[in-house]
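Colleague: This is the structure I have questions about; it appears just below.
The values are calculated or read from the model by the stated rules, or taken from the named source; none is laboratory data. Just so it is clear, the structure is predicted and the values come from calculations on it, not from any experiment. Here the Cβ is made from the backbone with ideal geometry for all residues, glycine too, and neighbour counts use every protein chain on show. Areas reflect the complete protein model, heavy atoms only, side chains present, ligands, DNA and RNA absent. Shrake-Rupley method; radii C 1.70, N 1.55, O 1.52, S 1.80 Å.
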Amino acid sequence: MAGPNPSSPNEEILEASLEANANRIMTALGKSSDVKQRAFKIRLADGSARSGSVLYTEGMSDIQTTMGKLLADPQLPLAQLTDPHAYLAALKESILTDANVVEVNRLAQIYSYLLTGHGIVLLDGANAALAVDSVKLQARQVEEPNVQSVVRGPREGFTEVLDWNTAMIRRRLKSPNLWMETRIIGKESQTRVVIAYMNGIVTSSVLDEVRRRMDRIEIDAILESNYIEQFIQDKQLTTFPTVFNTERPDVVSAHLLEGKVAILVDGTPFALVVPALFIQFFQSSEDYYQRTDFASLIRILRVIAFVLATLTPSLYIAVTTFHQELIPTTLLYNLASQREGVPFPAFMEGLLMEVTFEILREASVRMPKTIGQSISVVGTLVIGQAAVEAGLVTAGMVIVVSITAISNFVMPAFNMGISARILRFMLMGLGASFGLFGVFLGIILLVVHLCNLQSFGVPYMAPFAPLRLNDQKDALFRMPIPWMRLRPSTTKGGNRVRLRQRSGSRQQRR
């Protein structure tokens with residue numbers, strides 16, 4: 001059962017009066033309509049009655065079982081207890097045995113338990129209370145991930161319930177070395193955040209850095225894992241993501257086995273994984289569920305698609321504006337004839353089409369699902385054809401923008417696709433200003449920037465820069481799993497051996 005933040009010695013504690021305690025708690029919560037109080041009386045052996053109350057949050061707690069046990073006739077030894085504190089302890093040990101029960105005496109602890117769905121049992125004459133785990137979860141069931149879907153592989157994804165998410169990871173890694181640390185972050189939201197790692201495999205320096213960055217977060221509320229991501233990422237002013245996010249438990253489990261650290265946040269299905277590498281955003285969990293040759297081919301196609309999504313418009317603008325000699329003569333004549341009636345330069349033409357497509361893409365995402373897909377397809381075709389017929393853009397530019405847009409959807413990581421979209425506009429400006437010289441200058445600056453990036457002390461471009469030959473088995477190409485005997489070299493200080501061949505295996509006989 002999740003507990004509250006550590007209490008300081010100066011915090012207010014409960015009194016011995018039931019009415020005073022209940023009034024203080026209800027007043028502190030603004031007498032909110034969703035915080036309910038259920039009074040009850042306990043008959044003792046001498047004929048007297050002891051008053052009590054259960055406080056709970058409607059919609060978050062299920063106190064029927066708790067109330068049934070409290071209102072049942074007490075056993076004879078229990079009915080003879082006259083000291084309220086002794087009776088409270090007996091309730092915890094003998095009556096409320098089907099749930100996790102914690103004895104608390106500070107108001108700050110009571111608020112934390114009460115607002116997370118626990119029932120608070122108060123007795124008259126006792127300056128302590130019982131926090132009963134009566135949490136009633138109302139959440140989306142485990143479903144197939146919508147963003148990171150696969151053809152072959154597990155179909156379950158994380159939900160908004162943190163305990164379910166940690167259980168899905170634990171079900172895959174039934175190892176005592178899977179350790180999880182819980183933190184409460186957010187002064188007002190009191191959000192539970194779990195740091196998961198494999199003891200003995202994780203890089204100690206990375207784990208210590210994660211703890212340090214998490215401990216310095218001071219904010220009112222954590223509503224999604226991106227709040228955490230913005231606090232712990234290495235650089236704010238970069239278009240490239242340095243923290244990996246996923247909604248798939250099998251992906252998190254695989255990264256944990258590589259010595260990385262996972263961060264799970266209550267209330268969101270997206271978990272964070274650090275450190276993150278550039279090539280990691282072009283890899284999918286499905287790569288390990290398919291044949292080696294097919295997985296390697298798909299990875300290469302993803303990298304090519306990223307290059308096309310980033311450079312195609314800028315190269316087209318640079319060539320058609322400054323370097324017409326690079327275009328075959330027949331194609332040059334066709335492009336020149338298309339541009340006769342277009343009043344805008346190639347840069348404005350490309351900018352107009354790219355902005356229009358971005359608007360259509362965002363509109364299709366925000367619209368209801370029943371019409372969003374039809375709007376994106378029909379709108380793109382109609383607007384593109386109408387723009388060509390009206391002489392606003394050329395057919396060649398429509399083809400370039402279409403190839404760029406399709407290539408952008410090939411990448412499995414959505415945030416890397418956003419980076420390509422941003423860089424595309426920057427390179428278009430350089431291509432329109434300086435031609436191919438500007439485009440290549442932008443590429444050089446981009447590569448230098450990538451090589452200077454780090455993610456929790458790990459080079460972002462590893463294993464390419466610096467070059468690590470052993471790690472090339474699972475980078476651009478995916479070698480057969482029996483060949484990947486060692487974990488990536490980014491696992492410094494941990495156990496790097498993940499595959500041990502038996503003495504009678506075929507490979508060793510060779």
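Colleague: Step by step: first the residues of the range 182-215, then only those that are under 20 Å from the mean Cα position of the chain (by Cα) and among the basic types (Lys, Arg), then the one that is most open to solvent (accessible area, probe 1.4 Å). Which residue is that?
Modeller: At the first step, the residues of the range 182-215 found to be under 20 Å from the mean Cα position of the chain (by Cα) are 182-186, 189-198, 202, 206-207, 209-215.
Right, trim to among the basic types (Lys, Arg) and you get 183, 192, 211-213.
Values: 183: 49, 192: 49, 211: 65, 212: 118, 213: 22 Å².
Ranking the qualifying residues of the range 182-215, first place goes to 212.
Colleague: Restricting attention to the range 330-382, which residues are among the hydroxyl-bearing types (Ser, Thr, Tyr), modelled with pLDDT under 85 and either open to solvent by 80 Å² or more (accessible area, probe 1.4 Å) or at positive phi (or both)?
Modeller: Residues satisfying the conditions are 333, 370.
Colleague: Tell me, which residue of the range 458-491 that is touching a residue at least 40 places away in the same chain (Cβ under 8 Å) and exposed (fewer than 14 other Cβ atoms within 10 Å of the Cβ) is nearest to residue 262 (Cα to Cα)?
Modeller: Only one residue tops the list, namely 481.
To keep it simple, each residue is scored yes or no on (1) modelled with pLDDT under 75; (2) touching a helix residue (DSSP H, G or I) at 6+ places or on another chain (Cβ under 8 Å); (3) in a loop (DSSP other than H, G, I, E, B).
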position: 446; (1), (2), (3): no, yes, no
position: 451; (1), (2), (3): no, no, no
position: 462; (1), (2), (3): no, yes, yes
position: 491; (1), (2), (3): yes, no, yes
position: 502; (1), (2), (3): yes, yes, yes
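Colleague: Can you pull out the strands (runs of 3 or more DSSP E) entirely within the range 220-313 that have at least 3 residues that are of a type outside the set (Phe, Trp, Tyr) and open to solvent by less than 40 Å² (accessible area, probe 1.4 Å)? Step through it out loud before you land on a result.
Modeller: Values: elements: 244-246, 261-265, 271-274.
It comes to 261-265, 271-274.
Colleague: Show me the helices (runs of 4 or more DSSP H) entirely contained within the range 77-181 in which 3 or more residues are under 21 Å from residue 194 (Cβ atoms) and open to solvent by 50 Å² or more (accessible area, probe 1.4 Å). Talk me through it step by step, then tell me what you get.
Modeller: Working: elements: 84-90, 107-114, 162-172.
Counting at least 3 such residues, we get 162-172.
Colleague: Now for a separate question. Looking only at residues in the range 33-66 that are of a type outside the set (Asp, Glu) and within 32 Å of the chain's Cα centre (by Cα), which one is nearest to residue 115 (Cα to Cα)?
Modeller: Residues of the range 33-66 of a type outside the set (Asp, Glu): 33, 35-45, 47-57, 59-61, 63-66.
Next, only the ones that are within 32 Å of the chain's Cα centre (by Cα) stay: 35, 56-57, 59-61.
Details: 35: 9, 56: 8, 57: 7, 59: 11, 60: 8, 61: 9 Å.
Among those that are of a type outside the set (Asp, Glu) and within 32 Å of the chain's Cα centre (by Cα), it is 57.
Colleague: Let me ask you something else. Would you confirm, using the coordinates I've provided, whether residue 411 is among the hydrophobic types (A, V, I, L, M, F, W, C), at pLDDT below 90 and within 30 Å of residue 476 (Cβ to Cβ)? Before you say what the answer is, go through the steps one by one.
Modeller: Working: among the hydrophobic types (A, V, I, L, M, F, W, C): yes; at pLDDT below 90: yes; within 30 Å of residue 476 (Cβ to Cβ): yes.
So residue 411 passes the test.
Colleague: Moving to a separate point now. One residue is enough: does the range 392-405 have a residue meeting the conditions outside any helix (DSSP H, G or I), in the same structural domain as residue 305 (by TED's automatic domain parsing), on the phi > 0 side of the Ramachandran plot and more than 28 Å from the chain's Cα centre (by Cα)? Break it down stepwise before answering.
Modeller: Filtering the range 392-405 down to residues outside any helix (DSSP H, G or I) leaves 392-394.
Narrowing further to those that are in the same structural domain as residue 305 (by TED's automatic domain parsing): 392-394.
Subset that is on the phi > 0 side of the Ramachandran plot: none.
Within the range 392-405, not a single residue is outside any helix (DSSP H, G or I), in the same structural domain as residue 305 (by TED's automatic domain parsing), on the phi > 0 side of the Ramachandran plot and more than 28 Å from the chain's Cα centre (by Cα).
Colleague: OK, next. Which residue pairs have Cβ atoms under 7 Å apart, sit 6 or more places apart or on different chains, and have a first residue in the range 412-425 that is within 14 Å of residue 238 (Cα to Cα) and not assigned by TED's automatic domain parsing to the domain that holds residue 441 and a second that is open to solvent by 40 Å² or more (accessible area, probe 1.4 Å) and modelled with pLDDT of 90 or more?
Modeller: The qualifying pairs do not exist here.
Colleague: Something else now. Show the residue pairs that are 6+ apart or on different chains and have beta-carbon atoms under 6 Å apart, the first residue being within the range 171-191 and farther than 25 Å from residue 111 by Cα, the second being in a loop (DSSP other than H, G, I, E, B).
Modeller: Filtered contacts from the range 171-191: 177/199; 177/200; 179/199.
Colleague: For the range 402-445, name all the residues that are β-branched (Val, Ile, Thr) and open to solvent by 10 Å² or more (accessible area, probe 1.4 Å). Spell out how you get there, then give the answer.
Modeller: Within the range 402-445, the first condition is being β-branched (Val, Ile, Thr), and the residues that meet it are 403-404, 406, 410, 418, 422, 439, 443-444.
Scanning the range 402-445 gives 403, 406, 410, 418, 422, 443, 444.
Colleague: Confirm whether residue 364 is touching a Gly at 6+ places or on another chain (Cβ under 7 Å) and not hydrophobic (A, V, I, L, M, F, W, C).
Modeller: Details: touching a Gly at 6+ places or on another chain (Cβ under 7 Å): yes; not hydrophobic (A, V, I, L, M, F, W, C): yes.
Criteria met by residue 364.
Colleague: Where residues in the range 39-55 are open to solvent by 50 Å² or more (accessible area, probe 1.4 Å) and not small (Gly, Ala, Ser), which of them is modelled with the highest pLDDT?
Modeller: Out of the qualifying residues, it is 41.
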